[in-house]
Amino acid sequence: MNRRTLLASAAMGLTLAFGGQAFAQGMDSAKVCFVYVGPIGDGGWTFQHHEGALAVKEAFGDKVEIQFQESVPEGADAERVLTQMALGGCNIIFTTSFGYMDATNAVAAQFPDVKFEHATGYKRDSANVSTYNARFYEGRAIQGHIAGKMTTSNKIGYIGSFPIPEVVMGINAYYLHAKAVNPDVELSVVWAYTWFDPAKEADAAKALIDQGVDVIAAHTDSTAPLAEAAKTEGKVIGFGQASDMAAYKDGPRVTSIIDNWAPYYVKRVGALLDGSYAQADAWEGIAGGEVEIGEITDKVPADVKAEALAMSAAIAAGTYHPFTGPINKQDGTPWLAEGVTAPDGDLLGMNFYVEGITAEIPK
Amino acid sequence: MDFGGIDPVILIATLIASAVPILLAALGETVVERSGVLNLGVEGMMIVGALGGFVIAVQTGSPFLGFVGGAVTGAALSLIFAALTQVFLANQVATGLALTLFGLGASSLGGQGYNGIKPPATGQFFPDALADLPVIGPIVFGHDWVVYFGVAMVALLWWVLKSTRVGLIIRAVGESHEAAHALGYKVNRVRLGCIVFGGAMAGMGGAYVSLIRVPQWVDGITNGVGWIALAIVVFASWKPWRVLIGAWLFGGITVLQLNLQAAGSSIPVEYLSMAPYLITIIVLVVMSAGRKGKSGSNAPACLGQNFHASR
Amino acid sequence: MLRLEKRPTPSQFWLYATPVVAVLLTMIVGGMLFAAMGKDPFAVIRTIFWDPLFGGMSGYLRGQLIVKAGPLILIAIGLALGFRAGIWNIGAEGQYIMGAISGAAVGLYFHSMEGFWIFPLMVLAGALGGWAWGMIPALLKTKFNTNEILVSLMLVYVAESILAMAATGFLRDPDGMGFPGSKNFRNYPSAHNADLIAGSGLHWGGLAALIGAMIVAAILLWHVLGFQIRLAGQAPRAARFHGVNPSKLVVLCMGISGGLAGLAGVFEVTGPAAQITINFNVGYGFTAIIVAFLGRLNPIGIVLAGFLMALTYVGGEMASTQLGLPTAAVQVFQGMLLFFLLAVDVLTNYRVRVGSGAVKVGG
């Protein structure tokens, strides 16, 4: 970056400093810290966040120092870790689980000069808190399309973690797109009440398979459902979740949703370094690169693969929204009229199934 | 034949397989507790066995050696418990809990770098011709060798504890270690042997989780199954056949509740997830209520007490 | 050949020296482990043991020690009473959760009101909730002779299920966009368990722990119940002859430990954790069992043991964040500390002698 740009951005920064919420100066170096809810070796959610952290290091080299703490429980421990990080000189802290929301906001209030980025949350109580999320439902739509086309038993399954809007959104997107290409399809949902528990997920997958399900999508993060599907030697297919799970490519994994946090992290740290950082509420999807669709294997028929890729491109281009009316709620009341796309607010608070799903969301 | 949309044959076949880790660990702990030692470190030994078995299986390519490795690792960890309780006479409850804590940490530390690797697969033990028979095929013949090993161990331990001299010595040590010592039996040595056996069985149970049931290695993969095994030992009144029933009961309810969900049952999920634990309590109450006549529970009289020869 | 010989009375010297020796041994062996992992052993040991007390962030961290030690001590003193009498309450974690839910439910019911009476009512509800949960194994034992280890342990899992139901259902924040978790108690001064001295980490729970320890010590030393407990543990037959009613003892001990665990729960959820979430419980109920034994089932010892455990947690976390030590290594370190404490403790009651100790007959 040449000196003129630097001066220009500094000047702009100073102007904005007296209004708005942009922060003035850039930095020569920054300490970038991460709080993880699980171990980086989980091969799923936390693993992907850590990949993003490593990408930041690669992008900025000596200008950044990365620090992280894994398996931090939510609640009082999270608050302590965040306070320690802030006291220890972190300039920007990414908290990578919904459950850190209150802790993040509480500590942010005490350290106004430190930037906090909270994943999948919605509270921004002070100016130095930003939130970010990914439109996973876009990936679910593609999975649902493939599921509807490829199922032979007309039973598709979904392993849910907790009955929260993000998961309900995923289930609805998956079902809608399967139903659109296969009106006879039936959806079975099993709730694991965990984000990550390979043994439980294996049991849940087995239960679904025992019920005749032959396509399994999971909102939980381990490879256990795929391992379970692999035991059926080709009868059941599944999807990689959070990470590509490429080890199962010659097995049941036909595609995957990859959480790719690297573009967002690099963008934010870069903004911090060059002084253009501003409070944000980001919800990117395939378009922004945060949701990546993993390689679609040859198990998927060529025409289905082409349709899936086309859908992905349309979503990325903004010409197709997975929740486009007419869609009714489970009880029959209309939700989206013909051609209307779902507003973000409806999605973020989604607590209803769409018409056609017979199960109930647990209370 | 279905009921509620669930096929009972598949259900029973699945529950037998899912009960194996609990069964193996509980059998081992039954022997340990019969000798008068309460080892709460089952979870620690199981997870260390899960890692050990996984690593050996991946490195050698042989799942069988993996199970041997799991047993050896579990037994090795149990030696720490044995040393502390039999030589240093430390309190058994505290030592067992410390063992669990240490085992969880050690397995997590040792397992870094083994995440996401697929272990070599273990196949079905009997040929397809038998396993494809209707009804008895999946239930009786459709399993891997560890399932049959577990049932065989039940029978073996029942016979050993009931009818052999070794079993008698173990029981004597557990019921009255002073008397056993007076008779010339080396109490601490007997207990050491039992503890190591318990560790080996727990390690094998853990290896089953990481090599067959899931199968993969991740931090904390056993996720509390060791505590369930401890509970099943008490539930079974320290008798091997009842351990089998307890493991199947618990495994069965767990599998059933997931199948009920998958079949779209209308029973709320929260109650289903509590069911295995509540039902275990209820059955235990019913079983122990019948024994009110005796002066105490059926626990080995010296359970939890350390022995130190004063002469 | 070395052998152990029982001392006529416990050695006063070793009673106090044991923890010191154990800590030193752990530092040495732990240091070797850290060196084997490529970390500077002195830096790690210093970060764990010295820094939280006297290092750069110690002003904040000393308070955090109280936050961490408080619930451990509160639960452990209750457990110690039962353990001394041979009554094994392994389900303190479940009683802790139920106390938190009960207290939080009362607080949330009155959340729109203010008043000095709200917090005491919540505390009472919390104690009652934990007491009731502890009564289940107690009554099952006295009426049906059911083993309390099994029942109390199973009830922990049941309590965790109820907690999940509370966080996603009956205690969920209606303004929370459908996400699990109750309202945050920080927003309700009447219900919030704030630090008594701001920033000190000493909230009502910490104070209750210290007062509770003194009360329990007094009971054990001077009250007839204390005498009965000690007698029942050491000489059950003599206790029966003395007229100690074993059923009454079970009910009292389980009740007290349940109530204290419930208290710890409500103080924690209204204070440091600040809201009911699906996994706000971090295993204090189980760690307290270890603390009880480390403190030799003596309230004063428990206070010290609680602080020692808290130190390893807080310091270990610091070592994790700042020195990149995997959290698992800290767990191994804690396990080692316990092993050494348990091993060295033998010297309190036994003497090491050389020789076979055979009695010489004749001459």
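The values are calculated or read from the model by the stated rules, or taken from the named source; none is laboratory data. Everything numeric in this text was worked out from a predicted model, so none of it was measured. No Cβ is skipped: glycine too gets one built from the backbone with ideal geometry, and neighbour counts run over all protein chains shown.
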**Message:** Condition check: among the aliphatic types (A, V, I, L, M), under 21 Å from the mean Cα position of the chain (by Cα) and more than 12 Å from every other protein chain (Cβ to nearest Cβ). Does A:A103 satisfy that?
**Reply:** no
C:F293: passes all of (1) within 12 Å of chain B (Cβ to nearest Cβ); (2) without any contact (Cβ under 8 Å) to a residue 60 or more places away in the chain but (2)
inquiry  = For segment B:88-102, check the following and say yes or no: at least one residue is more than 29 Å from C:Y313 (Cβ to Cβ) and assigned to a loop (DSSP other than H, G, I, E, B).
reply    = no
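Please indicate, with yes or no, whether at least one residue in segment C:171-183 is outside any helix (DSSP H, G or I), touching a His at 6+ places or on another chain (Cβ under 9 Å) and either within 22 Å of C:I97 (Cα to Cα) or at pLDDT below 85 (or both).
Narrowing segment C:171-183 to residues outside any helix (DSSP H, G or I): C:171-183.
Restricting the remaining residues to those that are touching a His at 6+ places or on another chain (Cβ under 9 Å) gives C:183.
Those left that are additionally either within 22 Å of C:I97 (Cα to Cα) or at pLDDT below 85 (or both): C:183.
Yes: one or more hits.
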Here the qualifying pairs (Cβ atoms under 9 Å; residues six or more apart or on different chains; first in segment A:311-333 and in a strand (DSSP E or B); second among the polar types (S, T, N, Q)) come out as A:T324/A:T341; A:I327/A:N172
Cβ pairs under 6 Å, 6+ apart or interchain, first in segment C:59-75 and over 14 Å from C:A208 (Cα atoms) and within 11 Å of chain A (Cβ to nearest Cβ), second modelled with pLDDT under 90 and not in a helix (DSSP H, G or I), ordered by first then second residue, are C:G63/C:S200; C:G63/C:G201; C:Q64/C:G201
Within segment A:225-235, of all residues that are buried (at least 24 other Cβ atoms within 10 Å of the Cβ) and aliphatic (A, V, I, L, M), the one farthest from the other protein chains (Cβ to nearest Cβ) is A:A229
Counting only residues in segment A:326-363 that are in the same structural domain as A:N182 (by TED's automatic domain parsing) and among the β-branched types (V, I, T), the one nearest to the chain's Cα centre (by Cα) is identified as A:T341
Of (1) assigned by TED's automatic domain parsing to the domain that holds A:A217; (2) on the phi < 0 side of the Ramachandran plot, A:Q279 fails just (1)
Given (1) under 24 Å from A:H50 (Cβ atoms); (2) more than 9 Å from chain B (Cβ to nearest Cβ); (3) free of Cβ contacts under 8 Å to residues at least 60 places away in the same chain; (4) surrounded by fewer than 24 Cβ atoms within 10 Å (Cβ to Cβ), A:A247 misses just (2)
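Being in contact with a Lys or Arg (Cβ under 7 Å, 6 or more places away or on another chain) and either more than 7 Å from every other protein chain (Cβ to nearest Cβ) or in a helix (DSSP H, G or I) (or both) is true for just one of C:A343, C:A310, C:A288. Which residue is that? So that I can check it myself, show each step before the final result.
Values: C:A343 fails: in contact with a Lys or Arg (Cβ under 7 Å, 6 or more places away or on another chain); C:A288 fails: in contact with a Lys or Arg (Cβ under 7 Å, 6 or more places away or on another chain).
Testing whether each residue is in contact with a Lys or Arg (Cβ under 7 Å, 6 or more places away or on another chain) and either more than 7 Å from every other protein chain (Cβ to nearest Cβ) or in a helix (DSSP H, G or I) (or both) leaves just C:A310.
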Among the residues of segment A:253-282, the number that are free of Cβ contacts under 8 Å to residues at least 60 places away in the same chain and in contact with a helix residue (DSSP H, G or I) (Cβ under 6 Å, 6 or more places away or on another chain) is 1
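So, of the residues in segment A:300-313 that are of a type in the set (A, V, I, L, M, F, W, C) and within 19 Å of the chain's Cα centre (by Cα), which turns out to be nearest to A:A287 (Cα to Cα)? Spell out the reasoning first.
Initial filter on segment A:300-313 (of a type in the set (A, V, I, L, M, F, W, C)): A:300, A:302, A:304, A:306, A:308-311, A:313.
Among the residues that remain, those that are also within 19 Å of the chain's Cα centre (by Cα) are: A:311, A:313.
Numbers: A:M311: 12, A:A313: 8 Å.
Within segment A:300-313, the match that is nearest to A:A287 (Cα to Cα) is A:A313.
Are there any helices (runs of 4 or more DSSP H) wholly within segment B:127-184 with 1 or more residues that are closer than 16 Å to B:V20 by Cβ, and if so which? Don't jump to the end; show me each part of the working.
Values: elements: B:128-131, B:145-163, B:165-175, B:177-182.
Helices (runs of 4 or more DSSP H) meeting the threshold: B:145-163.
So for segment C:347-355 (the condition being surrounded by fewer than 24 Cβ atoms within 10 Å (Cβ to Cβ) and in contact with a helix residue (DSSP H, G or I) (Cβ under 6 Å, 6 or more places away or on another chain)), does at least one residue qualify?
Looking for residues that are surrounded by fewer than 24 Cβ atoms within 10 Å (Cβ to Cβ) and in contact with a helix residue (DSSP H, G or I) (Cβ under 6 Å, 6 or more places away or on another chain), one finds at least one in segment C:347-355, hence yes.
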The one condition B:I80 fails out of (1) within 14 Å of another protein chain (Cβ to nearest Cβ); (2) within 22 Å of B:L51 (Cβ to Cβ); (3) out of contact with any Phe, Trp or Tyr (no Cβ under 9 Å at 6 or more places or on another chain); (4) part of a helix (DSSP H, G or I) is (3)
Checking the structure you have, find out if any residue of segment A:220-229 is in contact with a Ser or Thr (Cβ under 9 Å, 6 or more places away or on another chain), in the same structural domain as A:A178 (by TED's automatic domain parsing) and not acidic (D, E). yes
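Looking at B:F197, B:F126, which is the one that is within 14 Å of the chain's Cα centre (by Cα) and surrounded by fewer than 24 Cβ atoms within 10 Å (Cβ to Cβ)? Before the answer, list the steps.
Values: B:F126 fails: within 14 Å of the chain's Cα centre (by Cα).
The unique qualifying residue is B:F197.
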Counted residues in segment C:142-179 being in contact with an Asp or Glu (Cβ under 9 Å, 6 or more places away or on another chain), within 13 Å of chain B (Cβ to nearest Cβ) and within 15 Å of A:G99 (Cβ to Cβ) come to 2
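Take C:L24 and decide whether it is buried (at least 23 other Cβ atoms within 10 Å of the Cβ) and either assigned to a helix (DSSP H, G or I) or in contact with a helix residue (DSSP H, G or I) (Cβ under 6 Å, 6 or more places away or on another chain) (or both). Quick ask: steps written out before the conclusion?
Working: buried (at least 23 other Cβ atoms within 10 Å of the Cβ): no; either assigned to a helix (DSSP H, G or I) or in contact with a helix residue (DSSP H, G or I) (Cβ under 6 Å, 6 or more places away or on another chain) (or both): yes.
No, not satisfied.
So which of C:V266, C:V216, C:V250 is in contact (Cβ under 8 Å) with a residue 12 or more places away in the chain, within 24 Å of B:Q305 (Cα to Cα) and among the β-branched types (V, I, T)? Walk me through it before giving the result.
Working: C:V266 fails: within 24 Å of B:Q305 (Cα to Cα); C:V216 fails: within 24 Å of B:Q305 (Cα to Cα).
Unique residue meeting the criteria: C:V250.
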Flagged in segment B:224-279 as within 26 Å of B:L97 (Cβ to Cβ), aromatic (F, W, Y) and touching a residue at least 60 places away in the same chain (Cβ under 8 Å), in numbering order, are B:W227, B:W238, B:F250
Per the filter on segment A:202-219, residues in contact (Cβ under 8 Å) with a residue 40 or more places away in the chain and within 8 Å of chain B (Cβ to nearest Cβ) are A:A204, A:L208, A:Q211, A:V213
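In the list A:S222, A:S188, A:S256, which residue meets the criterion of being within 14 Å of another protein chain (Cβ to nearest Cβ), in a loop (DSSP other than H, G, I, E, B) and within 23 Å of the chain's Cα centre (by Cα)? Reasoning before the result, please.
On the way: A:S188 fails: in a loop (DSSP other than H, G, I, E, B); A:S256 fails: in a loop (DSSP other than H, G, I, E, B).
Just a single option satisfies the conditions, and that option is A:S222.
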Sole miss for A:Y193 among (1) within 14 Å of chain B (Cβ to nearest Cβ); (2) surrounded by fewer than 24 Cβ atoms within 10 Å (Cβ to Cβ); (3) of a type outside the set (S, T, N, Q); (4) without any contact (Cβ under 8 Å) to a residue 24 or more places away in the chain is condition (4)
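I'd like the full set of residues that are under 19 Å from B:S107 (Cβ atoms), at the interface with another protein chain (Cβ under 7 Å from one of its Cβ atoms) and touching a residue at least 40 places away in the same chain (Cβ under 8 Å), limited to segment C:313-325.
First, pick out the residues of segment C:313-325 that are under 19 Å from B:S107 (Cβ atoms): C:316, C:320, C:325.
Applying the additional criterion that residues be at the interface with another protein chain (Cβ under 7 Å from one of its Cβ atoms) yields C:320.
Residues satisfying the conditions do not exist here.
Name the single residue that is surrounded by the fewest Cβ atoms within 10 Å (Cβ to Cβ) among those in segment A:62-87 being part of a strand (DSSP E or B) and more than 7 Å from chain C (Cβ to nearest Cβ). If you could, list the steps in order and put the result at the bottom.
From segment A:62-87, those part of a strand (DSSP E or B) are A:64-69; that's our starting set.
From the residues that got through so far, the ones that are more than 7 Å from chain C (Cβ to nearest Cβ) too are A:64-66, A:68.
Details: A:V64: 22, A:E65: 15, A:I66: 17, A:F68: 22.
Result: A:E65.
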